[in-house]
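K.L.:
Structure provided below as structure tokens; questions to follow.
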Amino acid sequence: AKANVICRCEEIEIDEIRKWIAEGYTEFDELKRILRVSMGPCQGRGCRDIILRELSKATGKPISELRCGIIRPPVKPIKFSLLAEDK
């Protein structure tokens, strides 16, 4: 396993994230489109906070002022059978 993997779902390392931030991609959704971070099964629960901290350091903005990206339901993976049950 790689030691500096931040997004485990997409196997994206911190150096890759920092490289794109240095290139000027300072919005979470930009990084999401380029690197697919937060698009795996965990929906960003594993990487979102770390990436937002990196964006905060790079931009000088507090995390509370950064847009955290679009979160699409279901936030947690659910079994399809739960949606298809007859009631």
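K.L.:
Search segment 58-87 for residues that are under 19 Å from Tyr25 (Cβ atoms) and assigned to a helix (DSSP H, G or I) and pair each with any residue that is open to solvent by less than 70 Å² (accessible area, probe 1.4 Å) and at pLDDT 70 or above when their beta-carbon atoms are under 6 Å apart and the residues are at least 6 apart or on different chains.
P.N.:
So the pair list comes out as Ala58/Ile21; Thr59/Thr26; Ile63/Leu52; Ile63/Ser56.
K.L.:
If Lys57 satisfies every condition in (1) of a type outside the set (S, T, N, Q); (2) farther than 14 Å from Arg18 by Cα; (3) over 11 Å from the mean Cα position of the chain (by Cα) but one, which is the exception?
P.N.:
Looking at each condition in turn, Lys57 falls short on (2).
K.L.:
Restricting to segment 16-40, name every residue that is among the charged types (D, E, K, R), under 20 Å from Asn4 (Cα atoms) and in contact with a Gly (Cβ under 7 Å, 6 or more places away or on another chain).
P.N.:
Residue satisfying the conditions is Lys32 alone.
K.L.:
Being of a type in the set (Gly, Ala, Ser), within 17 Å of Arg8 (Cβ to Cβ) and open to solvent by 20 Å² or more (accessible area, probe 1.4 Å) is the filter here, so list the residues in segment 33-68 that pass it.
P.N.:
Selection gives Gly46 alone.
K.L.:
Can you find a residue in segment 19-28 that is at negative phi, open to solvent by 90 Å² or more (accessible area, probe 1.4 Å), modelled with pLDDT of 85 or more and hydroxyl-bearing (Ser, Thr, Tyr)?
P.N.:
No; the residues of segment 19-28 include none that is at negative phi, open to solvent by 90 Å² or more (accessible area, probe 1.4 Å), modelled with pLDDT of 85 or more and hydroxyl-bearing (Ser, Thr, Tyr).
K.L.:
Cβ-Cβ under 7 Å, sequence separation 6+ or interchain: first residue in segment 22-40 and free of Cβ contacts under 8 Å to residues at least 60 places away in the same chain and under 21 Å from Glu65 (Cβ atoms), partner aromatic (Phe, Trp, Tyr) and open to solvent by 50 Å² or more (accessible area, probe 1.4 Å). Which pairs?
P.N.:
Leu31/Trp20; Leu31/Tyr25
K.L.:
Look at segment 1-30 and say how many of its residues are out of contact with any strand residue (DSSP E or B) (no Cβ under 9 Å at 6 or more places or on another chain), among the hydrophobic types (A, V, I, L, M, F, W, C) and in a loop (DSSP other than H, G, I, E, B).
P.N.:
Here the count works out to 2.
The values are calculated or read from the model by the stated rules, or taken from the named source; none is laboratory data. Model, not experiment: these values are computed from the prediction. Every residue, glycine among them, receives a Cβ derived from its backbone with ideal geometry; neighbour counts consider all protein chains shown. Remember, those area values only see protein heavy atoms, side chains included, never the ligands or the DNA or RNA. Shrake-Rupley method; radii C 1.70, N 1.55, O 1.52, S 1.80 Å.
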